[in-house]
1. Please find the FRET efficiency linking VAL116 to THR19, where r is the Cβ-Cβ separation and R0 is fixed at 41 Å, and quote it to the nearest 0.05.
2. Could you give the dipole magnitude of the range 41-179 about its Cα centre, charging the beta-carbon of Lys and Arg +1 and that of Asp and Glu -1, in debye to the nearest 20?
3. Could you tell me what fraction of 2.2 N^0.38 Å the Cα radius of gyration of the range 1-157 comes to, as a two-decimal ratio?
4. Taking all pairs of distinct Cα atoms, average 1/r, flip it, and tell me the Kirkwood hydrodynamic radius of the range 64-197 in Å to one decimal place.
5. Ignoring any ligand, DNA or RNA, what whole percent of the accessible area of the chain comes from carbon and sulfur when the probe is 1.4 angstrom?
6. Which percent of Cα-Cα pairs in the range 81-146 sits in each 10 Å bin, short to long?
7. Angle check, please: helix 196-211 long axis (alpha carbons) against the longest principal axis of the chain (alpha carbons), in degrees 0 to 90, nearest 10.
8. Skip the ligands, DNA and RNA, and give the accessible area per residue of the chain with a 1.4 Å probe, whole Å².
Amino acid sequence: AASASGAVIFYDNEADFLTQMSNVGYMFEGLEDFEGNNVPDFSVVSAPGPLEGGTPWLDDFGQGFPSGLTQMNLSITCSGVDPDNYPVLLTDGFAGNVTDVVGANTFAESTNLNFVNGMTGGMSLLLMDLINGGMTDVEVYDTNDTLIGSTAANSPFQGAFFGVYSDVAIGRINLQAQNVGGEIIDNVGMYNIPGPASLALLALAGLTRRRR
C-alpha cells in the first residue's frame, strides 16, 4: 500500500506506482541497471569518487564503469568522510545476488541517489539488504536539500520494488539499511515532471476526452 508524507507518496506496488506516474503525466526518463561495467561475475569493485552518468569510474586495475553510468541525471554517493565511503559495485553472484548491484562501501554508511537535472519527480528501484534482509530507512529531499518525506521500506535479500512520487522535484534520496545492514540497489527508474507546455497539452487532452 502507499503511504503519504507531505508532498511525497511511497509505493511498494509497481502497478500502483506506474498508474500514479501516468495520472500525473510524469515522463519516463530512463533506467539505470548498472550493467554497463567491465567487471566479471562474482566480484566486488570500489573506486574513489562518486558514481555518475558519463564519468569513468574505475579502480587501479581498470575495472568498473569505463563510461560511467548510462543515465546522465544520476549520481551515487555515500555519507561520511572516510576515504573508503564511495559506492561499491557487486556483480552477479557475489554474496548471493543474481544481478549487478550498487550500494555503500561500508555497512555503517548510507547511500545517496542524487538527481542532477532538477526535474525528477518520480523514482523507482529494486531495494535489497544483502546482510540483514530487513528494512531500509528512506529520506527524500527536494532540490534545496530540504527533507520532504521519509519512510521505512522493505528490503529483503532477493529485493523488493520501491517507488517514490513527489509533486516537487527530488534532489536526493538517502537510503540507510537498519541494524547496520547493507542497502543495495538495482534498476533505478526516473520520471520527469513535465514542463508547463506539456502540462497544458495534458489538460487539453483531458478536456477533449471529457467532451467526447
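1. On the way: r = 27 Å, r/R0 = 0.66.
About 0.90, to the nearest 0.05.
2. Numbers: 1 positive and 15 negative charges, 48 e Å.
Approximately 240 debye in magnitude.
3. Cα-based Rg divided by the globular estimate yields 1.06.
4. This gives a value of 15.0 Å.
5. Numbers: 5320 of 9850 Å².
Exposed carbon and sulfur together represent 54 percent of the surface.
6. Each 10 Å bin holds this share of Cα pairs: 15, 45, 33, 6.
7. 50 degrees
8. Normalised by residue count, the accessible surface of the chain is 46 Å².
The values are calculated or read from the model by the stated rules, or taken from the named source; none is laboratory data. Keep in mind the model is a prediction, meaning the values are calculated, not measured. Because the Cβ atoms are built from the backbone with ideal geometry, glycine has one as well, and the counts that use them run over all protein chains shown. In case anyone asks, the SASA skips ligands and DNA or RNA and just uses the protein heavy atoms, side chains included. Shrake-Rupley method; radii C 1.70, N 1.55, O 1.52, S 1.80 Å.
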